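FYI, it's all coordinate maths here, none of it is from the lab. This is a predicted model, so every value here is computed, not measured. Glycine gets a Cβ as well: all are built from the backbone with ideal geometry, and neighbour counts include every protein chain shown.
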Amino acid sequence: MRKVLIYVILILMPIVNSARATEFGSKEIVAIDIYADLNLADNGLSRDVFAMAIKGLTKLNTNGRLQNPNIVTIADYSQSCNRKRLYVIDLKNKKLLFNTYVAHGRNTGDEFARSFSNDEGSLKSSLGFYITENPIVGSHTGFALLINGVEKGFNDHAIKRAIIIHAAEYATENFIRKYGRLGRSFGCPALPPEMNKPIIETIKGGTCLFLYNPDNKYICSSSLLN
């Protein structure tokens, strides 16, 4: 029987500011086989993508950027938009909290996300790591979540572009059944309406969000992955 060895190494250095300390935080190197424990492969998330998310989260936490490193959210834009490709994972309690649909930008692609941009007006998704901020209520989007892109050149214009997490009727199974794929946003990772508020309430306030695609320029240039 082949033994599965899938280890995620979280290197959590001593935290100077105790206000940022969490129960998951530690001065020790913590090795946890969360990926296998949660059967994330069965839900379509690859080991490599999960490992990248954890690598970026660890660097952000080491630099004191995260208020809550126990939660990581991954939007895997390598998958078809007709798959439930958004994952919200509780690392401390080893739980997959949410697995649902997420839309990509209008000019990023049809069923599959293929083109990305950090430019205002591009109507494209922006790859990389974000830190969640506080919820807002938009005049057109309703209850939504501000996300701050922290990778220069890839997503650091997110606030300026008004890239937020919000609900959309085009991010639902009904839309897929009617049109053959999810609808597309102006660049925001839009969620099914019934999932929007529960997810926002879970990930708000300084957690790590990772929008992934095997884009060579991003993978080779990201300071959080290299």
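Would you pick out the residues in region 158-179 that are assigned to a loop (DSSP other than H, G, I, E, B) and either in contact (Cβ under 8 Å) with a residue 60 or more places away in the chain or of a type in the set (Val, Ile, Thr) (or both)? Selection gives Ile159, Ile163, Ala168, Tyr170, Ala171, Thr172.
Here is a yes/no grid of residues against (1) among the polar types (S, T, N, Q); (2) more than 26 Å from Thr58 (Cα to Cα):
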position	(1), (2)
Gly128	no, no
Ile136	no, yes
Ile176	no, yes
Leu182	no, yes
Cys188	no, no
Leu211	no, no
Cys220	no, no
Ser223	yes, no
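Taking Ile163, is it surrounded by fewer than 17 Cβ atoms within 10 Å (Cβ to Cβ) and over 21 Å from Leu45 (Cβ atoms)? No. For region 106-126, the criterion of being assigned to a strand (DSSP E or B) and either of a type in the set (Lys, Arg) or surrounded by 23 or more Cβ atoms within 10 Å (Cβ to Cβ) (or both) is met by no residue. Can you report the number of residues in region 169-185 which are surrounded by fewer than 22 Cβ atoms within 10 Å (Cβ to Cβ) and touching a Leu at 6+ places or on another chain (Cβ under 7 Å)? Matching residues across region 169-185 total 3.
Test Tyr212 against the stated conditions and say whether it is more than 15 Å from His140 (Cβ to Cβ) and among the aromatic types (Phe, Trp, Tyr). When the stated conditions are applied, Tyr212 passes them.
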